[in-house]
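Nothing in this text is a laboratory measurement; each read-out follows from the coordinates by a stated rule. Because the structure is a prediction, the values reported are computed rather than measured. Heads up, the Cβs are rebuilt from the backbone with ideal geometry, glycines too, and the neighbour counts pull from every protein chain shown.
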Amino acid sequence: MSQPRIADVVMHPVRLRILHQLADRERTTSQLREALPDVTPATLYRHVGALLDAEVLTVVAERRVRGAVERTLALGPRTPHGDQEEVAAIGPAGMRQIYLVFLAQLSGQLDRFLESADPDLLALSGAAQTVLHVDGDDLAALQEGLAALLADYREAKPGKRRVTLSTVLLPDA
């Protein structure tokens, strides 16, 4: 049986939140429940299961806790990003849906931050736009350069706070 399209797997608000929790670290299912208190356990386990089935997540450890097996999860072998061929096959309606889910996720993340954040942390947040002039080769080089630039900041370190950098590329019409 072939794998489902990656967009069909990950473009769900709960699944995006799960992936965000596991982006740079391993988490137990209990830790995921604590981090996502508004998601019912049944819903959480259903979406974790879908991500495991699609190999976007993997189980890195298991241990017995009061007669149940607690799994520790991490990102799996399948990247949660579609390749150029898959993105091209999505079409305009599919791309609109992807962006709407992404924007809803981002909006929800902002709301959760503003509800619980220390006012001093507002200085760590922000939004900006810039215009670039690129072709396909430039875009690949830009992505490689960003990956190299951000590499030193992807690992948790004492005294450092976890923040999320979200990017969107939209060509002018």
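Below are the figures for this structure:
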item	result
Residue that is nearest to SER30 (Cα to Cα), among those in the range 77-86 that are within 20 Å of the chain's Cα centre (by Cα) and without any contact (Cβ under 8 Å) to a residue 12 or more places away in the chain	ASP83
Test: ILE18 is of a type in the set (A, V, I, L, M), under 23 Å from TYR99 (Cβ atoms) and touching a Gly at 6+ places or on another chain (Cβ under 6 Å)	no
Exclusive hit being of a type outside the set (Phe, Trp, Tyr), more than 18 Å from ARG25 (Cα to Cα) and within 16 Å of the chain's Cα centre (by Cα), set ALA68, ALA54, ALA89, ALA74	ALA54
Tally of residues being farther than 25 Å from ARG154 by Cβ and more than 18 Å from the chain's Cα centre (by Cα) across the range 26-46	3
Hey, THR79 in a helix (DSSP H, G or I), among the hydroxyl-bearing types (Ser, Thr, Tyr) and surrounded by 12 or more Cβ atoms within 10 Å (Cβ to Cβ) or not	no
Selected residue (only one of GLU86, GLU70, GLU115 is surrounded by 12 or more Cβ atoms within 10 Å (Cβ to Cβ), acidic (Asp, Glu) and in a helix (DSSP H, G or I))	GLU86
Selection from the range 126-173 of residues that are among the polar types (S, T, N, Q) and either without any contact (Cβ under 8 Å) to a residue 24 or more places away in the chain or outside any loop (DSSP other than H, G, I, E, B) (or both)	GLN129, THR130, GLN143, THR167
So ASP138, is it more than 13 Å from THR167 (Cα to Cα) and surrounded by 11 or more Cβ atoms within 10 Å (Cβ to Cβ)	yes
Residues (loosely packed, with under 13 Cβ neighbours inside 10 Å and closer than 23 Å to SER166 by Cα) located in the range 38-67	ASP38
